[in-house]
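Okay, structure first, notes after.
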Amino acid sequence: MLDFGRVRFRRGSDVGPRLRDFEQLVEILQFALCLADQILREDGFVKSLFDALDSAPLRFREPRFADSFHYSKAVAEWSLGHDDAAMKMLERIATVEYVDEAGRRTPSVNRALAWYILGQIHHARREAEQACACYERVAEQFPDAREALLWIRERQLSLPEVTLARPGEKAALVVTSRNLRQAELLVYPVDLMTLCLREKNLSRIANVNLAGIAPVIRATVALGGAAAAGAPPHEPGAFLASESKVELDLEKPGAYLVLARAEEHHASGLVLVTPLELQVKEDASGRVRTHVLRQKDGSYVRDVEVKVIGSSNAAFVAGSSDPRGLFIADGIHGAATVIARHGGDEYAFYRGTTHLGPPELQSGFIAAPTGNAEKQPQEDGDQYFKNVLDLNRDLQNKRQQQLQDEIRKDRKGVQIKQAQ
């Protein structure tokens with residue numbers, strides 16, 4: 001049983017005849033607007049209710065009431081997944097203007113909410129251009145719209161940390177991007193061992209001073225998925241990162257630093273052209289066993305210079321492989337990195353993901369959540385009906401005031417009669 005003021009009926013009943021019976025009563029307006037609050041909570045009830053209220057805007061022509069009915073119906077259609085029907089009504093609400101009693105033209109009080117929901121519908125359909133146009137109109141009113149707009153237009157560019165290739169074959173480099181049309185690639189030969197000893201971390205290799213070194217390859221490559229840069233809005237580039245494969249003519253063994261530039265975005269990675277391969281066995285104690293092999297026939301390679309470092313180590317553990325192609329490093333703390341060099345230009349590389357050695361001591365701790373933890377505010381259906389509910393509360397307050405006035409009149413009449 002749902003109870004809204006004086007009007008009661010059971011869920012699933014036909015509300016149409018009841019509305020027609022009471023359509024002259026002002027309470028019907030309050031009743032209908034109160035029910036809007038139930039739209040996102042009473043899913044099974046939405047359709048029968050708003051089918052019955054289809055003609056409400058025709059019966060109650062005052063703009064604020066008619067607009068609230070139109071808007072409530074639109075949100076109901078949206079919540080039921082009827083996006084096309086919802087869009088037609090929301091587009092009208094977003095652009096309509098009403099003439100008030102003073103003759104001034106004013107927009108719907110639900111205009112901003114209509115644009116916000118339209119943006120969400122286009123966003124769900126991956127229609128980037130239309131979604132952005134809607135979100136832009138309400139970015140100041142709704143933080144989610146502003147964040148969604150920034151996310152759709154976000155530009156990304158990245159390269160793999162290390163790309164492997166075999167001598168005599170072209171290196172297949174994968175460029176990952178989003179909302180970018182093209183990128184310039186610069187490829188430089190580098191001494192990987194010296195580079196790693198100096199930088200300790202390959203994440204900083206893009207900052208290496210390459211002054212005086214000429215790139216062996218300079219190329220401009222087209223990138224996929226540039227929806228925000230002018231491609232059709234149904235393209236996935238504004239929502240999903242795309243991968244572009246680029247073949248680099250680097251048949252000579254060696255280590256190469258690749259720099260990518262696209263607008264204000266930069267990325268870097270290494271390409272290793274090598275006949276070597278590493279087999280690495282990590283132990284939780286901090287021991288790392290590395291075998292160096294030739295990829296072509298699986299034979300072990302001796303006298304290979306090997307350096308191992310953990311993400312929590314201050315220095316490399318270095319040595320050479322034995323006749324089994326084996327080098328053992330102890331005392332490795334954190335995620336292990338292994339670099340091997342044979343001769344002047346044959347390299348191999350390994351990056352571990354498991355933490356080795358004793359757990360790191362933390363300077364602080366994160367307290368476990370308690371039952372008194374503050375609940376983060378969440379957006380829910382109420383935000384879409386703020387204007388409708390505000391109107392309904394205003395109506396209820398007026399009705400309450402009218403009732404109090406009637407009570408005072410009745411009391412005054414009784415007092416006069418008693419005095420007589």
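Any read-out appearing in this document is the output of simple, stated calculations on the displayed coordinates, not a laboratory observation. Quick caveat: nothing in here was measured; it's all calculated off a predicted structure. FYI the Cβ positions are ideal-geometry reconstructions off the backbone, even for glycines, and counts take in every protein chain you see.
With 18 Å as the limit, write out which pairs from LYS252/LYS281; LYS252/LYS307; LYS73/LYS386; LYS88/LYS386; LYS170/LYS252 have Cα-Cα distances beyond it, or answer none. Where the Cα-Cα span goes over 18 Å, the pairs concerned are LYS252/LYS281; LYS252/LYS307; LYS88/LYS386.
Summarising the label geometry, the points placed 7 Å from Cα in the beta-carbon direction at THR95 and LYS245 lie 4.6 nm from one another. Using the Cβ-Cβ distance between GLN182 and ALA335 with R0 set to 22 Å, the FRET efficiency works out to roughly 0.05.
At a Förster radius of 56 Å, what calculated FRET efficiency corresponds to the Cβ-Cβ distance of VAL280 and LYS88, to the nearest 0.05?
The calculated FRET efficiency here is 0.35.
A crude spin-label estimate for the pair ARG393 and LYS296, with each label 7 Å from Cα along the Cβ direction, gives 8.0 nm.
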